[in-house]
């Protein structure tokens with residue numbers, strides 16, 4: 001064979017090689033397409049979730065109010081003029097506010113007659129309207145005897161109708177709002193007495209049986225207190241465990257077993273931690289039921305493996321040369337840890353902790369087991385008060401029959417998602433801020 | 001004080017095992033102050049392992065076992081009464097890859113004096129940092145940016161910062177584990193000059209893969225082969241007139 005023959009028979013120019021090349025390109029294209037389609041499916045699912053939550057949830061942040069001229073009838077209020085402030089407040093609380101509103105509504109709709117119709121008329125307003133009248137009387141007692149135009153909270157049914165959730169085209173028997181009520185609402189609407197506004201009460205009150213009065217604050221504070229307990233317990237224990245396992249513990253079959261068990265614990269279903277909390281904290285230690293203390297302890301057990309695993313990874317990521325440098329300088333092992341390894345691994349540890357906390361924030365099942373699923377109206381004031389948490393509140397509302405709770409559920413989900421995004425954003429920010437390069 | 005004649009570090013019959021692997025075999029070596037001792041030999045011959053025995057850096061390797069004795073000023077460093085943390089300050093170490101702490105230049109140098117309580121006030125600490133940086137030849141280059149990160153320096157400057165950090169705690173011996181292998185020729189030349197200056201104050205042991213470097217900077221040379229010292233003597237003697245055939249092969253580049 002001559003040199004020329006060799007050149008023409010170069011393996012890189014044969015037809016078979018061309019085919020192989022084409023096949024390789026095709027495989028690469030398929031691989032890319034599969035990955036991309038996976039990503040697209042995920043993005044679509046996320047988009048559907050977000051859109052559906054926001055379309056139903058955003059109206060939950062709005063409320064409907066009816067402008068009614070309330071006559072502060074001295075005959076009903078019967079206030080003695082010489083009361084001091086405390087006594088006056090107590091008296092105003094006992095006033096028959098319902099009658100005040102009823103009489104004012106009758107003045108606004110003089111042609112409504114009959115006990116039943118008057119009751120139906122009054123049902124346009126929420127029970128919460130009474131509290132608003134009471135508050136007005138407490139704030140300014142001089143309004144007694146006057147007629148004050150007030151924006152009273154509408155009942156959930158009216159709210160739903162105004163927001164378009166109830167259609168008037170449906171048979172009267174099939175909808176919650178009667179034809180008469182629709183007529184009255186039309187009159188109010190024509191007079192510009194239907195006001196839509198931002199529902200501040202949603203963020204400033206606790207749970208309620210009535211959707212228009214239900215708020216998220218109690219659950220949010222409950223979640224905050226629970227997470228606080230979780231953080232205080234899980235962070236120091238988790239980081240200490242991680243440092244010990246990574247830097248001090250001997251490598252033998254015991255530590256291997258501990259490592260396997262920690263990894264297994266991270267995968268244990270959360271409801272089992274709930275049962276553990278129920279059995280230990282409630283039954284053995286007799287801690288208060290439904291309290292953020294117990295919820296926090298239970299979630300701490302659940303979060304510990306996450307914190308330990310991420311912290312160990314962060315500690316392992318510190319280059320050994322830094323440890324050698326410190327030890328070579330005559331730093332003790334504890335000094336090496338505290339002065340060098342810990343500060344360098346802190347961003348990773350904090351990121352892991354925040355992600356663990358975000359997980360705990362969204363956890364529902366263990367809280368059900370320890371009684372944080374109760375209907376609690378008051379905003380908790382300490383870790384021993386009965387409380388519920390955001391995801392449990394969502395669960396409770398999603399389970400409620402009233403139509404009005406549907407948008408509240410979605411609104412609560414938006415609040416929860418907001419906190420989750422906030423925490424994850426904080427994790428990313430911290431990593432960028434504290435990360436050091438070497 | 002018979003400074004140069006008396007050996008500071010005496011290693012006698014040192015054996016090191018990693019589990020079943022016999023890494024160092026019956027090594028005897030004397031290291032004197034005022035001298036640069038070079039440890040040369042092919043890869044995996046145990047030079048670095050031996051170096052790390054002198055300040056007990058091998059303690060952190062669980063599988064590592066050491067027999068024999070190494071004395072520093074007549075004191076056995078593997079004695080139970082010896083505080084290993086203090087020993088590592090007395091026997092400083094400069095590593096192959098420059099490894100300054102990700103802290104400011106000042107804090108890098110001040111770290112040792114701080115943890116060992118060498119300075120009573122900040123003025124004294126400033127003084128230690130100043131002299132250490134000056135001895136390591138870095139002062140003029142960094143005096144205006146002591147608060148910038150040590151990791152922002154060039155490779156050669158980082159290595160000199162590591163040397164400054166080591167001498168700040170006033171060691172008696174400085175161990176250097178291939179200190180120039182990650183550096184360019186110019187930075188290497190600067191470090192070699194520095195080693196020559198430091199020789200007057202410290203005993204220096206340097207592990208190197210470069211024959212020329214060993215010949216340039218050291219007064220004594222030990223040739224390691226498969227965990228044994230085949231030849232130990234004056235550098236000039238070893239490089240001009242090696243007694244062992246293997247040594248000759250190695251330094252002439254025929255082996256290793």
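Within 10 Å of each Cβ of B:94-105, how many other protein chain Cβ atoms are there on average?
Taking the mean over all residues of the peptide, I get 4.
If you rank B:64, A:44 by fewest surrounding Cβ atoms within 10 Å, what's the result? Write out the running numbers ahead of the final one.
Values: B:64 18, A:44 10.
Lowest count first: A:44, B:64.
Gap in Å between the Cα centre of the stretch A:329-399 and the Cα centre of the stretch B:51-74?
46 Å
Can you tell me the order of A:338-349, A:174-185, B:44-55 when each peptide is scored by its average per-residue count of other Cβ atoms within 10 angstrom, highest first? Don't skip to the answer; put the middle values down first.
Working: A:338-349: 20.2, A:174-185: 15.8, B:44-55: 22.6.
Highest-to-lowest ranking by the protection proxy: B:44-55, A:338-349, A:174-185.
For residue B:240 and residue A:240, what does the FRET efficiency come to when R0 = 45 Å and r is the distance between their Cβ atoms, rounded to the nearest 0.05?
Taking R0 as 45 Å, the efficiency between residue B:240 and residue A:240 is 0.15.
What shape does the stretch B:1-148 have by the C-alpha gyration tensor, where a ≥ b ≥ c are the square roots of the eigenvalues, rounded means a/c under 1.5, and otherwise prolate means a/b greater than b/c and oblate the rest?
prolate
List the relative contact order of the stretch A:122-261 as a percent without decimals, with contacts defined as Cα pairs under 8 Å and 6+ residues apart.
Relative contact order, the stretch A:122-261: 15 percent.
Full extension from residue B:200 to residue B:25: what is 0.36 nm times the residue separation minus their Cα-Cα distance, to one decimal in nm?
59.9 nm
Sort A:135-141, B:23-29, B:94-100 by packing, meaning the average of other beta carbons within 10 Å per residue, with the highest value first.
Listed from highest to lowest mean packing, they are B:94-100, B:23-29, A:135-141.
Residue A:189 label point, 7 Å along Cα→Cβ, cut-off 20 Å on backbone N: hits in the stretch A:24-68?
Output list for this probe position: A:59-60, A:62-68.
Over all directions, what mean area does the Cα convex hull of the protein assembly as shown project, stated in square nanometres?
Result: 54.4 nm².
How do A:25-36, B:65-76 rank on mean C-beta neighbours within 10 Å, highest first?
Working: A:25-36: 10.0, B:65-76: 15.1.
Taking the mean over residues of other Cβ atoms within 10 Å, the ranking is B:65-76, A:25-36.
Enter the mean number of other protein chain beta carbons within 10 Å of the beta carbon of each residue in B:58-70, as an integer.
1
Compute the angle between helix A:404-434 and the longest alpha-carbon principal axis of chain A, please, reported from 0 to 90 degrees and rounded to the nearest 10.
For helix A:404-434, the angle is close to 40 degrees.
Can you tell me the FRET efficiency between residue A:17 and residue A:47 if r is taken as the Cβ-Cβ distance and R0 is 45 Å, rounded to the nearest 0.05?
0.50
How many nm separate the modelled label positions at residue A:58 and residue A:421, each set 7 Å beyond the Cα in the direction of the Cβ?
The answer from the label model is 1.3 nm.
Averaged over A:317-327, how many beta carbons belonging to a partner chain fall within 10 Å of each residue's beta carbon?
Numbers: counts 0, 1, 3, 2, 6, 4, 2, 8, 13, 6, 9.
The mean count of partner-chain Cβ atoms within 10 Å per residue comes to 5.
May I ask for the angle, rounded to the nearest 10°, between helix B:185-198 and the longest principal axis of chain B, with both axes built from Cα atoms and the value confined to 0 to 90°?
Here the helix axis deviates by roughly 90 degrees.
Using alpha-carbon pairs under 8 Å, 6+ residues apart, how would you state the relative contact order of chain A in percent?
Normalised by residue count, the contact order of chain A is 19 percent.
Residue A:36 to residue A:256: extension gain in nm, 0.36 nm per residue of separation minus the Cα-Cα distance?
75.3 nm
Which angle from 0 to 90°, rounded to the nearest 10, does the C-alpha axis of helix A:97-108 make with the longest principal axis of chain A?
Around 70 degrees separate the two axes.
Relative contact order of the stretch B:7-251, please, whole-number percent, based on alpha carbon pairs below 8 angstrom and at least 6 residues apart.
Answer for the stretch B:7-251 is 28 percent.
Once every DSSP H run of n ≥ 4 in chain A is given -39500 (n - 2.57) and the sum is divided by its residues, what mean residue ellipticity at 222 nm do you get, rounded to the nearest 500 deg cm²/dmol?
-19500 deg cm²/dmol
Can you figure out the FRET efficiency of residue A:28 with residue A:267, using R₀ = 41 Å and their beta-carbon distance, to the nearest 0.05?
Efficiency at R0 = 41 Å is approximately 0.75.
For every helix of n ≥ 4 consecutive DSSP H residues, a contribution of -39,500 (n - 2.57) applies; sum these over chain B, divide by its total residues, and give [θ] at 222 nm rounded to the nearest 500 deg cm²/dmol.
Computed mean residue ellipticity for chain B: -10000 deg cm²/dmol.
Any read-out appearing in this document is the output of simple, stated calculations on the displayed coordinates, not a laboratory observation. This structure is a prediction, so every number in the text was calculated from the model and none was measured. Please note: Cβ atoms are built from the backbone with ideal geometry, for glycine as well, and neighbour counts cover all protein chains shown.
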